[in-house]
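Report on the following structure.
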Protein chains: 2
Amino acid sequence: MEDLDLKNIIEDIEYLASEKNSRMILNILVGNYPADVAQILGNLSEENEKYVFGLLDADIASDVIVELDDVSREKLVSELQHERISEIVDEMESDDATDLVAELPDEIAEKVLDAIDEEGSEEVKELLQHEEDTAGGIMALEYVSMPEETTVDEAIEEIRAKAEDVPEVYNVYVVDNEGMLVGFLPLKNLIVAQASQKLKDVLIADVISVPTEMDQEEVANIFRRYNLVSIPVVDELGRLVGRITVDDIVEVIEEEASEDMQKMAGIADEEEIRETSVFKISFGRLPWLLVGFVGQLIAALVLFQFEASLKDIFLAIFFIPMMMAMGGNSGIQAATIVVRGIALGELSPDDTFKRLSREIRVSLVNGMVCGLLLFGIIAIFYNPSFGLVLALSMLAVIINASILGASIPLILRRVGVDPAIAAGPLITTFNDIIGLAIYLGLVTASLQYI
Amino acid sequence: MEDLDLKNIIEDIEYLASEKNSRMILNILVGNYPADVAQILGNLSEENEKYVFGLLDADIASDVIVELDDVSREKLVSELQHERISEIVDEMESDDATDLVAELPDEIAEKVLDAIDEEGSEEVKELLQHEEDTAGGIMALEYVSMPEETTVDEAIEEIRAKAEDVPEVYNVYVVDNEGMLVGFLPLKNLIVAQASQKLKDVLIADVISVPTEMDQEEVANIFRRYNLVSIPVVDELGRLVGRITVDDIVEVIEEEASEDMQKMAGIADEEEIRETSVFKISFGRLPWLLVGFVGQLIAALVLFQFEASLKDIFLAIFFIPMMMAMGGNSGIQAATIVVRGIALGELSPDDTFKRLSREIRVSLVNGMVCGLLLFGIIAIFYNPSFGLVLALSMLAVIINASILGASIPLILRRVGVDPAIAAGPLITTFNDIIGLAIYLGLVTASLQYI
């Protein structure tokens with residue numbers, strides 16, 4: 001929806017809501033996509049948002065609520081009666097219903113699970129067992145599976161019968177008597193096949209599936225690698241238990257990228273872009289600021305150690321920011337490439353040595369370019385020997401920063417910590433402390449020659 | 001494929017390749033997914049990679065080459081004869097063929113376009129007209145479209161006939177006599193509909209399409225917003241001209257996230273994770289390092305201006321790193337949230353004021369927490385008045401950095417520059433210079449009280 005249209009619609013609805021003109025509001029909203037209705041709602045005043053949402057039929061409300069951003073949804077749901085929540089949950093697909101119930105306070109969740117239809121309630125309880133960011137946590141129970149003896153004709157009949165329950169059908173999954181996944185059939189193949197053929201004779205046996213406990217980021221990498229639109233999820237015995245569709249994977253990819261970027265920026269607790277609570281935001285950002293704080297107290301102590309040299313060559317002080325910044329920037333460049341490579345599954349542990357040697361060579365080139373420049377400037381405007389000390393420091397600081405930047409994420413992965421947290425304040429702080437020590441150490445060592 | 005399996009297969013193939021045992025190699029590779037074969041190839045020695053790739057039939061080679069990373073593909077293709085390239089391109093879908101031809105040197109591209117079948121050649125030439133990162137640049141010409149008068153029965157027949165040419169069919173697009181897109185029909189709906197119904201009576205008229213010139217990032221946001229698996233592309237008159245599938249969009253999303261992360265890390269030219277040329281890598285990273293270099297020369301001049309104050313209160317020097325780092329970290333936190341919000345389309349220009357006011361409030365909280373801590377430490381170990389100066393500086397530096405961090409990306413968007421470049425060295429360098437001026441200005445102003 002264009003920004004201008006949106007603005008007009010929002011204005012109209014704000015006015016109509018103040019007039020409590022529910023008929024006109026529904027006239028405007030009907031026929032819009034749930035995502036568009038959600039965006040409109042998100043831009044209304046809180047009071048009007050609640051009023052307008054209350055006008056929606058449960059089936060529309062259930063589609064819209066899924067599309068709201070997390071902050072708006074949480075706020076909206078917290079103000080709904082549990083009867084209304086139950087109505088809405090009843091209309092949802094199993095994965096969305098589970099996500100919504102998981103966000104509810106325990107006592108309301110229980111009431112909702114009691115109120116919705118029994119099958120739905122069982123499904124949600126089953127899905128709640130899985131960790132939120134695993135294949136089991138994002139899978140849905142709406143899929144089409146059939147025994148291998150089914151004929152193509154029967155399969156098509158079955159899809160007709162299930163058309164209402166399973167909104168998106170891309171593949172038919174084929175299972176044996178024990179419920180083990182034995183193959184799949186894209187809808188196109190079903191159409192192309194002959195009516196009397198049995199599924200076991202037309203299925204594609206080489207089916208890619210994932211276990212319930214696989215991390216969602218890994219699932220996303222599998223979708224990407226094999227160009228999938230949906231993937232079956234199996235339990236530890238290989239029985240088909242759910243399905244993940246690519247639209248959820250697209251969300252996962254955006255989420256994981258956002259998460260990595262935030263971690264790299266030193267935001268500890270994931271911050272919603274539309275988060276409005278200043279304290280929640282502060283709370284997420286302060287931990288790494290405080291790590292930096294402590295690190296810089298150490299940096300202050302490092303400088304204190306070199307007080308005598310600094311007093312001797314006062315000029316050295318002026319280049320403290322430069323050494324810090326050039327180290328910081330080089331370290332983050334190296335770290336970002338490594339962190340991203342790990343996230344996309346493009347850097348295997350075997351690549352460690354190659355990667356480090358590449359980064360060292362790059363830092364040699366960059367360090368020499370920057371060092372020579374600095375040498376030239378200082379040699380012209382001050383004196384060559386101090387220029388040489390600065391140039392060598394620059395080279396050493398950049399090499400050190402690149403090694404730290406590339407190796408810390410690789411080490412973190414090896415010990416099972418998310419490498420993304422490394423590429424931010426952690427590396428920068430380390431770099432500052434070590435970089436300053438290198439720089440001032442070199443200055444001190446060459447005091448008599450400057 | 002598991003890392004261990006992969007390692008074993010690679011060892012086997014390296015050995016077999018040295019023995020030129022082509023039969024055994026093909027036995028191992030046949031039945032693997034193209035992405036897996038590509039990964040195996042990418043891990044072989046250069047010579048063996050070339051040899052093994054040469055063994056593959058053109059249709060398999062065409063699937064494998066698409067899955068290679070850009071660096072490996074470019075290297076491999078540069079060593080192929082144009083006859084072999086033509087064979088491979090002939091087997092490709094139009095969008096992949098276009099990407100490959102676009103990467104070739106002009107003279108070879110011409111030879112290839114002459115050698116492949118005429119229809120394919122026309123398609124590639126048509127697709128080459130579009131900018132690489134627009135809807136037109138990523139769309140393919142393989143899709144199923146039918147006139148609105150077609151019956152369901154005829155449509156199914158047509159799909160059977162086209163089954164070979166169009167590997168992935170999720171939707172049938174319906175066009176009128178002028179070729180204008182009038183609706184679509186998911187395959188499931190086609191199965192559910194009655195054989196004698198006309199498409200115009202069962203189609204979904206509310207079809208989301210994109211124009212050829214739309215930026216691919218925007219297309220990706222539309223996929224995400226409306227949970228699509230494919231989208232029709234139309235020309236300026238509304239005529240159907242192509243189709244984009246979600247697997248390509250998944251690539252776009254990963255690419256755009258990688259690009260943003262790299263820009264935020266100050267990497268000017270996109271760096272492939274598997275890039276091996278040290279000079280290419282340096283060349284991409286140096287520009288922002290040099291911007292930082294110049295910025296830090298200015299920072300040195302700022303310090304030089306305050307030489308007298310620094311000599312008066314030598315202790316102030318020790319906190320230069322802290323002021324720089326806390327400003328830098330706060331600025332990047334603010335910038336990252338804004339850059340990400342813009343990329344995902346979740347921050348509209350109307351949100352500018354709200355966003356800034358939120359960032360200022362957050363920086364007040366964080367600045368006060370850090371400032372108080374610093375005040376406490378300095379008051380205890382040195383003296384309260386210097387502690388107060390440091391605390392106020394810290395607060396001012398953090399507020400300044402947050403405002404810069406949030407506003408620079410918003411300003412860049414307004415003037416049409418990619419905001420992601422802001423969230424890296426640019427903001428950090430500005431922050432360093434302004435932060436140092438604020439800090440030393442405050443120190444100088446309060447010299448007599450310390």
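Just need the relative contact order of chain A here, percent rounded to a whole number, with Cα pairs under 8 Å and 6+ apart. Could the numbers behind the result be given before it?
Values: 585 pairs, mean separation 50.4, N = 450.
Here the relative contact order equals 11 percent.
Whole-Hz Karplus values for the stretch A:165-181 come out as 6, 10, x, 10, 10, 10, 9, 9, 8, 10, 10, 8, 4, 8, x, 6, 6 Hz, taken residue by residue from phi with 6.51 cos²θ - 1.76 cosθ + 1.60 and θ = phi - 60°; glycine and proline positions read x. The charge dipole of chain A, taken about the Cα centre with unit charges on the Cβ atoms of Lys, Arg (+1) and Asp, Glu (-1), comes to about 4180 debye, rounded to the nearest 20. In the elastic network of chain B, a GNM with C-alpha springs shorter than 10 Å, the most mobile of B:Leu237, B:Leu347, B:Leu56 is B:Leu237.
Please rank A:Tyr15, B:Tyr143, fewest neighbouring Cβ atoms within 10 Å first, as an exposure proxy.
Values: A:Tyr15 13, B:Tyr143 24.
The fewest-first ordering by Cβ neighbours comes to A:Tyr15, B:Tyr143.
The angle between the Cα long axis of helix B:106-115 and the main principal axis of chain B comes to about 20°, on a 0 to 90 degree scale. When 1/r is averaged over all different Cα pairs and the result inverted, which Kirkwood radius in Å belongs to the stretch A:242-314? Answer for the stretch A:242-314: a Kirkwood hydrodynamic radius of 15.7 Å.
What angle, in degrees between 0 and 90 and rounded to the nearest 10, separates the Cα long axis of helix A:320-343 from the longest principal axis of the Cα atoms of chain A? Orientation of helix A:320-343: about 30 degrees from the principal axis. Between rounded, prolate and oblate, where does chain B land on the alpha carbon gyration tensor, with a ≥ b ≥ c its root eigenvalues, rounded for a/c under 1.5, else prolate if a/b exceeds b/c? Judged from the Cα gyration tensor, chain B comes out prolate (a/c at least 1.5, a/b above b/c). Identify the residues of the stretch B:300-318 with backbone N under 20 Å of a label point that sits 7 angstrom from the Cα of B:Tyr382 along the Cα-to-Cβ direction, or state none. So the set is B:303-318.
Please figure out what share of the DSSP beta bridges in the protein assembly as shown is antiparallel and state it in percent, rounded to the nearest 5.
Details: 30 of 40 bridges.
Around 75 percent antiparallel, to the nearest 5.
Helix B:278-305 and the longest principal axis of the Cα set of chain B meet at an angle near 20°. Run lengths n ≥ 4 of DSSP H only: what is the helix-derived mean residue ellipticity at 222 nm for chain B, with -39500 (n - 2.57) per run over all residues, to the nearest 500? For chain B, the value works out to -21000 deg cm²/dmol. For the stretch A:140-161 versus the stretch B:152-188, the inter-centroid distance based on Cα atoms is 22 Å. Seen through its C-alpha gyration tensor, with square-root eigenvalues sorted a ≥ b ≥ c, the stretch B:278-449 comes out oblate because a/c lies at 1.5 or above while a/b is not bigger than b/c.
If you run the Gaussian network model on chain B, springs between alpha carbon atoms under 10 Å, then out of B:Gly435, B:Gly31, B:Gly345 the most flexible one is B:Gly31.
Centroid-to-centroid, using Cα positions, the stretch B:190-215 and the stretch A:381-420 are 57 Å apart. For A:Lys263, the lysines whose Cα comes closer than 26 Å to its Cα, not counting residues fewer than 8 places off in the same chain, are A:Lys75, A:Lys280, A:Lys354, B:Lys263, B:Lys354.
Among B:Thr428, B:Thr336, B:Thr352, sorting on how many other beta-carbon atoms sit within 10 Å of each Cβ, with the fewest leading, yields B:Thr352, B:Thr336, B:Thr428. Derived value for the protein assembly as shown: Kirkwood hydrodynamic radius 30.3 Å. Basis is the mean of 1/r over every pair of different alpha-carbon atoms. DSSP bridge analysis restricted to chain A gives an antiparallel fraction near 75%, rounded to the nearest 5.
Backbone amide hydrogens, once placed in the peptide plane, bring B:Val182 within less than 5 Å of B:Val174, B:Val175, B:Asp176, excluding anything fewer than 5 places away on its chain. Using a/c under 1.5 as the rounded threshold, could you call the stretch B:69-173 rounded, prolate or oblate? The axes a ≥ b ≥ c are square roots of the C-alpha gyration tensor eigenvalues, and prolate needs a/b larger than b/c, oblate otherwise. Here the stretch B:69-173 falls in the prolate category.
Between the residues A:Ile208, A:Ile273, A:Ala257, the greatest Cα displacement towards the positive end of the dipole of the stretch A:182-274, with unit charges on the Cβ of Lys, Arg, Asp and Glu, is found for A:Ile208.
Any idea what the relative contact order of the stretch B:3-138 is, in percent, if you count C-alpha pairs under 8 Å spaced at least 6 apart? Don't skip to the answer; put the middle values down first.
Working: 107 pairs, mean separation 24.0, N = 136.
Relative contact order comes out at 18 percent.
Could you please rank A:Lys111, A:Lys188, placing first whichever residue has the fewest other Cβ atoms within 10 Å of its Cβ? Numbers along the way, then the final one.
Values: A:Lys111 17, A:Lys188 21.
Neighbour counts put them in this order, fewest first: A:Lys111, A:Lys188.
Just so you know, all these numbers are worked out from the coordinates, no wet-lab data involved. All values derive from a computational prediction rather than experimental measurement. For neighbour counting, all protein chains shown are included, and Cβ atoms are generated from backbone atoms with ideal geometry for every residue, glycine included.
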